[in-house]
Each structure stands twice: as C-alpha cells, then as structure tokens.
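The values are calculated or read from the model by the stated rules, or taken from the named source; none is laboratory data. Remember, it's a predicted structure, so these values are computed and weren't measured experimentally. Backbone-built Cβ (ideal geometry, glycine too); neighbour counts: all protein chains shown. With ligands, DNA and RNA removed, areas are computed over all heavy atoms of the protein, side chains included. Shrake-Rupley method; radii C 1.70, N 1.55, O 1.52, S 1.80 Å.
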Amino acid sequence: MSKSHPRLLHHFDDPEQQLEASQSGMWLFLVTEIMFFGGMFIGYTVYREAYFEVFAHASNHLSVWLGGINTAVLICSSLSMAMAVHSAHQGQRRKIVFYLLLTMVLGTAFLGIKFTEYYHKYGENLIPGLDFAFKEGNAGQAAIFYSFYFGMTGLHALHMIIGLGLLSFLAVQAARGRFSPLYSTPVEMTGLYWHFVDIVWIFLFPLLYLVGRH
Amino acid sequence: MNAEKMIRNYVMVFVALLVLTATTTAVAFVDLGAPWNTTLALGIAVVKASLVVLFFMHALYSRPLTWVFLGAGILCLIILFTFTLADYATRDNVGAGPLAGAPAAGASARTSGTTP
C-alpha cells in the first residue's frame, strides 16, 4: 500500500495505521456492548436463582423449535457475513453484494420468526402488562421471567435491525464498487458487529429456551 | 493464508456451530442432575462464542491489541458476575452473624419466595 491511497485520511501515516485505528475503535465499542448486555445477563442470573421453579415453568412456554431454527438462521447469516468480508478482501464486487443481500435475507428471516414468537406470546397472555396470566406458579415471578425475555430478545432484535440498516447501506456502496482489496474497512467493521450480535444470541438461546427443559 | 483455506475454515466453523446447537438442544431434554444442565449449556455456548470470535471475527489472526480489548471485556464481565453473585450467595449468612436481628433487605424476600 502506498501513501497515495485514495481513502487515506491526512491524520494517518499509512493505510495500515488507519485500518488498525478502525479495528481498535470497533473492538472497544464491542467491549462496551459486552458490558451493556452483561448487565441484563447478571440480572437474569440473580432472578433465576431466586425464582428457580417458576422460571423453569415460564421458560417451557417458549418454543424450542422456533428458537432453535432461529439460532441456525443466525449462524447461517454469520457465515454469509464472513463470506461478504472475505469477498471484499478479494475485491469480488458481485460476490460482496450477493453475500450482503443473503445476510440481510437471513437477518430478516430471524426477525420474522422472532416476531411470530412474540405474537404467540401475545395470544397466550404472556406479555407482562397486557393481561398477563400464568397458572403454573407465582404470576409475579413469571412476569419477571417474561420481562427479561422481552427485554433481552427485544434489545437483541433492535441490534439486528440496526445491523440490517448498516448492511443495506453497505450493499449499495458495494454495488457502486466502493470496496476493493485496498479498502474494505466498513464491510469488515459491520462484520464484527454482526458476529457480536450472533454471539449474544448464542447465550440467549440456552439461557432463555433450554435451561428449564429437562 | 490462501483464499480456499480461509473459506474451508469458515465452512468447518459453520458446521461445528450447527452441530453444537443441535447438541445443546438435544441435551437440554435430558436430566443430568442439579447444576450440570446449566453448566453444559453454558459450556457449549462459550465454545460456540469462542469459535465465532476466533474465526469469523478474525481474532486468531489479529494484533495483540485486539486481544487486550477482548481480554478487558471478558475480565469486566467476570468481575461483574463474581462480585454480584458472591453478594447474593452469601446474603443469607448476614442474618446469623454479628448483625443478627437486622436481616438484609433482599434476604427475606428471596427465601420466602414473594415478589420483591
């Protein structure tokens, strides 16, 4: 890489330094995200210990099928995202666009399944605050489980929606040929974000759907 | 690392993630006794997360600084969990100690199973 790189900003020495600054910034942001979600995970852990029985019963109202399929969908989208980053590094324009769009389709499928689940919970009166009804134990404790469920999956879904926005922006940029082996930083950074969101779900799925199943 | 090897790694990680998802789901329906269902579920989740971080997020091929960020995040998370859970796990002991007669605010609500 040379000093005459078209994307090199004047306050960086060379493209490598510029890329390393972006990577450091992105990883630092992801650390703040770890703590952001971490607060909810510790809250969930404390309440699950306190209301163990009811949390298990409440958890069993979630569909393992839909949750499991959604996990698979998200893992597929992560592979697709990794391939988009890889294609960007290789400078294969059509492949970048294809994989970005595929990632978006899978991300949208995830959200579709997620909102189907939300709708089922609405029908079963399991949304706290909306005629919440629970017969297998203390309804107040079950409402806490469902508050965590909607809070954590809702925030995860919000991250997915933001990710889809970023991906649609990238897809347009990629189609216009903005990315090359010399410059693919936005694709790479969005990839890091997308994989992080996948990791959050990797922990949410067992903790919310599976732990009360046996 | 050449392009084909990279793609092969991605696909292998992808297959491993799907297999681990199927495993954790199947095992969840078997009663393994007190802490083991949760331990195994979290253990598999940690393995899956590590695969994503190392291969999909390229941590394996990244500079040491990336590892510092990653380590700092995990360390903060461990501090958060250790100190919070140490508090909740030992709260009931406070009532029997020198402060007997002044039970901790959270302790009674937790043990009697009422809504706080």
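Remark on segment A:26-98: Rg and Dmax equal 18.6, 54 Å (Cα only). The spacing between segment A:51-78 and segment A:124-165, judged by their C-alpha centroids, is 12 Å.
Just to make sure I understand: if all protein chains stay in place, what is the order of A:ILE96, A:ILE34 by accessible area at 1.4 Å, largest first? Spell out each step's value before the answer.
Numbers: A:ILE96 0, A:ILE34 35 Å².
Output order, biggest surface exposure first: A:ILE34, A:ILE96.
Hydrodynamic radius of segment A:75-199 by the Kirkwood approach over all distinct alpha-carbon pairs: 16.1 Å.
Inside 10 Å of the C-beta atoms of A:195-202, what's the mean count of C-beta atoms belonging to other chains? The partial results should precede the final answer.
On the way: counts 7, 5, 0, 6, 9, 1, 2, 12.
Mean number of neighbouring Cβ atoms from other chains: 5.
So how do B:64-71, A:201-208 stack up, highest first, on mean other-Cβ count within 10 Å?
Values: B:64-71: 14.6, A:201-208: 23.4.
Ranked by mean Cβ neighbours within 10 Å, highest first: A:201-208, B:64-71.
Residue-normalised convex hull volume from the C-alpha trace of segment B:1-58: 58 Å³ per residue.
Cα-based Rg of chain A per 2.2 N^0.38 Å, rounded to two decimals? Spell out each step's value before the answer.
Working: Rg = 20.5 Å, N = 214, 2.2 N^0.38 = 16.9 Å.
The reported ratio for this selection is 1.21.
Pairs from the table (A:LYS114/B:LYS48; A:LYS95/A:LYS121; A:LYS114/B:LYS5) lying more than 29 angstrom apart at Cα are A:LYS95/A:LYS121; A:LYS114/B:LYS5. Residue by residue along B:77-87, Cβ atoms of other protein chains within 10 Å of the local Cβ number 3 on average.
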